[in-house]
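Asks: The structure under discussion is supplied below as structure tokens; questions concerning it will follow.
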Amino acid sequence: MATDIPSFNISTLEQMYIDSCKRHGVLPNTEILSGFLKAEVKKSCNEICSLEIILDHLEDIDVPPLLDVCATIETSEIEVVDIRNGPNCTLHVEYALSLMRAFNQKLQVVDLQDLPFGKDFLRELSQKGLACQILNLRSSHFRNLNMAGKFMQIHTLNLDFSTSLTSFQEDCFTCMPILTCLSMCETRVANLWTTIAALSKLSSLVELRFQKWICCNDSASPSASSGGNLEDQPDVRELLTDIDEESFLNQGTDEGTGNVFSFNDIATGQQVQSMMEDSSDDNEVDFSSYWQEFDYMDLLANFSSGWNRQVNLQSELSSGTSRNKKEESLHGSFGRHVADVPSKYISHHASPICFEKHYREYMIASLPNLKVLDNLPVRKIDSERAAVTFSQYFEYLPYNRKHKESVVSILHKREIKDTRSHMLSKNQKPSYSHGNSLYSYTRSLCAAKLGSSAWPLLHSLSVSGCDLGDGSRSFRPRQFEYHPSLSSLMVFGTLDGEVVVVNHENEKVVRYVSSLGAMNSVLGLCWLKKYPSKFIAGSDSGLLKLYDIEHMPPTVTGMYSAAGSITFDDFDQLTSVHVNSTDELFLASGYSKNVALYDINSGRRIQVFTDVHREHINVVKFSNHSPSVFATSSFDQDVKLWDLRQKPIQPCYTTSVSRGNVMVCFSPDDQYLLASAVDNEVRQLLAVDGRLHLSFDIAPTGSSQNYTRSYYMNGRDYIISGSCDEHVVRVCCAQTGRRFRDISLEGKGLGNSMYVQSLRGDPFRDFNMSILAAYMRPNSRYEIVKVNLLASCGNAKGYSKSRDSCPSTSMGG
């Protein structure tokens, strides 16, 4: 500190505070006076002279006199200021924020765990920032974290037990240049890709924690429900011989007072104070439930098998075991079969991201400056193995691009290449390499856009513009299909038997047919290729119709109109229909062992192939180019290929999996079959003989009801896969099987996660898709969510529309 700046002693500060109280007409707060006295004692004992302000001890009238003294404290003998709250704080938000922002360089600890302030306080704190060095926001109600404000001095941030926290907005962590320690144990963070995209902005981050590994040999090892303080337990790193004694976790120690604010200071069983406020529209914070009402272990059911942790959470839940037993069972399983983690260690307070396969290797490879992850050291051998694992199981950029490149750079290179080509003489032939082809440029542009942001644009399809007689109408889609040749059109069928043709680009209804009881849920839809105005629709009641949108009225009001439709013989309990490549025939399958063949021109059912499987046939698909070849997938665990020219008595071949098959489809060039079985068993087969080409490494959940559906995207370059017990769509390379990206669907508030009912890749737009999603709660409805991986969302999208009654689960593709 410069010598010409006066340094006020503590007694002077105390007198200044008393004088300020007189001016404001209030009595001096005895706790503030006591704080000055304690600071004087510390100074006399040659300890760090710190002033501790407990917000619980203040009322609104106490703040203005204290603010008058704050500027002087910056040039006083007081070295650091700590601000803490407790369960009984009654300060209004504006007074609390004013007090925190009145200090600059000397503000050390701001401890706001279990903070009683509402969403406005959290939003203001996140957007405007704070000058503290250590910030404790444990048990906060953030849901979509957006700490974009200036936190220029912060080196330690604790978000443990923030059980509403699911994700990060794109601008999060942009102004934390010296943050070295970050802890997010027992949150709901699950997405590796958006998490790494946010954490990569923290250039100084060396210690990260989403769980706490603890030695299980100690009989006193605490359980999650013990209520003990983990600070009393030996740190796992103290038990490892190759760790330096200087702990990264103790960077927040106040040596003068003995108070330690570190990642080890985790009190379990914290009760979050109830704040029954409505969730904010920007989805930043969530006050929708009590801590004691939220069983966190239920949330982990969808992640239970990551890292080969074989925990049957579903059976535990059904047997009515207590939370304590569930946590003990889960924690015990963490200590086994985890790479480079000795079996004597168990995990406590894990966030769902820890259950992702190869989580540790992905984090280490993506954050090369990391020294400690989840209390375990990151050694050189760990980094080397992580790099190998990452290259084996993950794709950094699409189309095997190794380095990020800007769109401007790619366009500039193409412009230079075009200029050089024009300068060649007529007798010279340009020697284009494969890497300089137009196709390669398109792929490079996609890679550049995807590399610039991990947050895709999600948009819920909201259709309008059709006079339905009763004003606005809310649809409940159950199946949908992109048009194969008209990029703007999509058809969807609803749970109420309606058929809607929509321009999904401008969200206008093109044609609409109301079933008025004639159809139940529409599960089968397929466009004709040579006749682009026609499509087949089938319902679970067995009704099958051919529609022609050129002859359908634009609106239907009142009674049902059969205009523009042809009715075929029923196929009871239908789940799937598909038209062949010449638009002459279509197939139907459903909850039976039979497949029916129909002639489109005559409108007749030609034949029924009986007992082609031992269980019901959920999906049947014609090949894209051979009009007589089709595939069937059944819950008897078999996928079969058939040829109508052989009068299907015996299949061309049969291939089997370990679980029931939900669906099968051909790649656009018919080179492969993509088969999806229950609980994320996804395989790519050679269409010519059924041999296994790729098995996609997607972790199962252990649920026999987790119906998985997978389709191709970008031609046959990538596959997208989603399941009805999970809120994630996985994007994998169809040539290598490597995971490229996960897309998380999140509803608004706790318990409002969405799940994947069906999905399709956009046939005209690379890295675009649509997802038929529903909510994991009663009184919800299905909706179609459009996803554009090439466009950044700017901030995460939420879904807050009213929900209709949740339908019963039906099958179908």
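The values are calculated or read from the model by the stated rules, or taken from the named source; none is laboratory data. Because the structure is predicted, anything quoted here is derived from the model rather than measured. In this analysis, Cβ positions are derived from the backbone assuming ideal geometry, glycine residues included, and neighbour counts consider all displayed protein chains. For accessibility, only protein heavy atoms count, side chains too; no ligands or nucleic acids. Shrake-Rupley method; radii C 1.70, N 1.55, O 1.52, S 1.80 Å.
Asks: Any residue at all in the stretch 591-609 that is of a type in the set (Ser, Thr, Tyr) and in contact with a Gly (Cβ under 7 Å, 6 or more places away or on another chain)?
Replies: Among the residues of the stretch 591-609, not one is of a type in the set (Ser, Thr, Tyr) and in contact with a Gly (Cβ under 7 Å, 6 or more places away or on another chain), which makes the answer no.
Asks: Would you say SER780 is modelled with pLDDT under 80 and open to solvent by 10 Å² or more (accessible area, probe 1.4 Å)? Break it down stepwise before answering.
Replies: Values: modelled with pLDDT under 80: yes; open to solvent by 10 Å² or more (accessible area, probe 1.4 Å): no.
So SER780 fails the test.
Asks: Look through the stretch 6-27, keep the residues that are polar (S, T, N, Q) and part of a loop (DSSP other than H, G, I, E, B), and return whichever of them is modelled with the lowest pLDDT.
Replies: SER7
Asks: Restricting attention to the stretch 71-85, which residues are crowded, with 20+ Cβ neighbours inside 10 Å and not in a loop (DSSP other than H, G, I, E, B)?
Replies: ILE73, SER76, VAL80, VAL81, ASP82, ILE83
Asks: Another question about this same structure. Any idea which residue in the stretch 33-61 is modelled with the highest pLDDT, counting only those that are hydroxyl-bearing (Ser, Thr, Tyr) and closer than 16 Å to SER76 by Cα?
Replies: SER50
Asks: Sticking with this one: When you scan the stretch 511-521, do you find a residue that is more than 21 Å from LEU587 (Cβ to Cβ), in a strand (DSSP E or B) and either of a type in the set (Val, Ile, Thr) or in contact with a helix residue (DSSP H, G or I) (Cβ under 7 Å, 6 or more places away or on another chain) (or both), even just one? Give the steps one after another, and end with the answer.
Replies: The initial filter retains those residues of the stretch 511-521 that are more than 21 Å from LEU587 (Cβ to Cβ), namely 511-518.
Those left that are additionally in a strand (DSSP E or B): 511-513.
Filter once more, keeping what is either of a type in the set (Val, Ile, Thr) or in contact with a helix residue (DSSP H, G or I) (Cβ under 7 Å, 6 or more places away or on another chain) (or both): 513.
Checking the stretch 511-521: at least one residue is more than 21 Å from LEU587 (Cβ to Cβ), in a strand (DSSP E or B) and either of a type in the set (Val, Ile, Thr) or in contact with a helix residue (DSSP H, G or I) (Cβ under 7 Å, 6 or more places away or on another chain) (or both).
Asks: Let me ask something additional. Please find, within the stretch 630-639, the residue that is most open to solvent (accessible area, probe 1.4 Å) out of those that are touching a strand residue (DSSP E or B) at 6+ places or on another chain (Cβ under 7 Å) and more than 18 Å from PRO484 (Cβ to Cβ). Don't jump to the end; show me each part of the working.
Replies: Let us first name the residues in the stretch 630-639 that are touching a strand residue (DSSP E or B) at 6+ places or on another chain (Cβ under 7 Å), namely 630-635, 637-639.
Narrowing further to those that are more than 18 Å from PRO484 (Cβ to Cβ): 631-635, 637-639.
Working: ALA631: 0, THR632: 1, SER633: 0, SER634: 0, PHE635: 45, GLN637: 74, ASP638: 14, VAL639: 2 Å².
Applying the filter and picking the extreme gives GLN637.
Asks: Here's another thing I want to ask about it. For the stretch 661-684, does any single residue satisfy the condition of being open to solvent by less than 40 Å² (accessible area, probe 1.4 Å) and within 27 Å of PHE168 (Cα to Cα)?
Replies: yes
So that you can scan it fast, the table gives a plain yes or no per residue for (1) modelled with pLDDT under 75; (2) aliphatic (A, V, I, L, M); (3) surrounded by fewer than 11 Cβ atoms within 10 Å (Cβ to Cβ):
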site: SER391; (1), (2), (3): no, no, no
site: PRO398; (1), (2), (3): no, no, no
site: LYS402; (1), (2), (3): no, no, yes
site: GLU405; (1), (2), (3): no, no, no
site: THR419; (1), (2), (3): yes, no, yes
site: GLN428; (1), (2), (3): yes, no, yes
site: LYS449; (1), (2), (3): no, no, no
site: TRP455; (1), (2), (3): no, no, no
site: VAL463; (1), (2), (3): no, yes, no
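Asks: Of the residues ASN104, ASN46, ASN88, only one is open to solvent by 40 Å² or more (accessible area, probe 1.4 Å) and within 23 Å of GLN127 (Cα to Cα); which?
Replies: Details: ASN46 fails: within 23 Å of GLN127 (Cα to Cα); ASN88 fails: within 23 Å of GLN127 (Cα to Cα).
None of the other options fit; the residue is ASN104.
Asks: Additional query: Restricting the stretch 765-777 to residues that are assigned to a strand (DSSP E or B) and in contact with a His (Cβ under 9 Å, 6 or more places away or on another chain), which is modelled with the lowest pLDDT?
Replies: Checked the stretch 765-777; the qualifying residue modelled with the lowest pLDDT is ALA773.
Asks: Further question: Condition first: within 20 Å of HIS727 (Cβ to Cβ) and open to solvent by 10 Å² or more (accessible area, probe 1.4 Å). Now tell me which residues in the stretch 167-178 satisfy that.
Replies: SER167, GLN169, GLU170
Asks: Restricting attention to the stretch 640-660, and to residues there that are among the aliphatic types (A, V, I, L, M) and not in a strand (DSSP E or B), which single residue is most open to solvent (accessible area, probe 1.4 Å)?
Replies: ILE649
Asks: Of the residues ASP689, ASP717, which single one is surrounded by fewer than 22 Cβ atoms within 10 Å (Cβ to Cβ) and either basic (Lys, Arg) or in contact (Cβ under 8 Å) with a residue 40 or more places away in the chain (or both)?
Replies: Numbers: ASP689 fails: either basic (Lys, Arg) or in contact (Cβ under 8 Å) with a residue 40 or more places away in the chain (or both).
On inspection, the qualifying residue turns out to be ASP717.
Asks: Sort out which residues of the stretch 139-161 are open to solvent by 10 Å² or more (accessible area, probe 1.4 Å), over 21 Å from ALA197 (Cβ atoms) and either touching a Gly at 6+ places or on another chain (Cβ under 7 Å) or polar (S, T, N, Q) (or both), and write them in order of number.
Replies: The one that is open to solvent by 10 Å² or more (accessible area, probe 1.4 Å), over 21 Å from ALA197 (Cβ atoms) and either touching a Gly at 6+ places or on another chain (Cβ under 7 Å) or polar (S, T, N, Q) (or both): GLN153.
Asks: Follow-up question, since we're still on this one. For the stretch 524-540, name all the residues that are in contact (Cβ under 8 Å) with a residue 40 or more places away in the chain and assigned to a loop (DSSP other than H, G, I, E, B).
Replies: Those that are in contact (Cβ under 8 Å) with a residue 40 or more places away in the chain and assigned to a loop (DSSP other than H, G, I, E, B): LEU528, LYS529, LYS530, TYR531, PRO532, ASP540.
Asks: Kindly evaluate ASP725 against the criterion of being under 23 Å from the mean Cα position of the chain (by Cα), among the charged types (D, E, K, R) and open to solvent by 20 Å² or more (accessible area, probe 1.4 Å).
Replies: yes
Asks: Still on this structure, please answer the following. Would you check which residues across the stretch 179-189 are open to solvent by 10 Å² or more (accessible area, probe 1.4 Å) and over 20 Å from ASN369 (Cα atoms) and list them? Give the steps one after another, and end with the answer.
Replies: As a first pass, look at the stretch 179-189 and keep what is open to solvent by 10 Å² or more (accessible area, probe 1.4 Å): 180, 188.
Selection gives ARG188 alone.
Asks: Would you confirm whether or not the stretch 358-372 contains a residue that is more than 21 Å from the chain's Cα centre (by Cα), farther than 30 Å from THR736 by Cα and at pLDDT 90 or above?
Replies: Quick first cut of the stretch 358-372, residues more than 21 Å from the chain's Cα centre (by Cα) only: 368-372.
Pick out the ones that are also farther than 30 Å from THR736 by Cα and you get 371-372.
With at pLDDT 90 or above added as a condition, the list becomes 371-372.
Yes; the residues of the stretch 358-372 include at least one that is more than 21 Å from the chain's Cα centre (by Cα), farther than 30 Å from THR736 by Cα and at pLDDT 90 or above.
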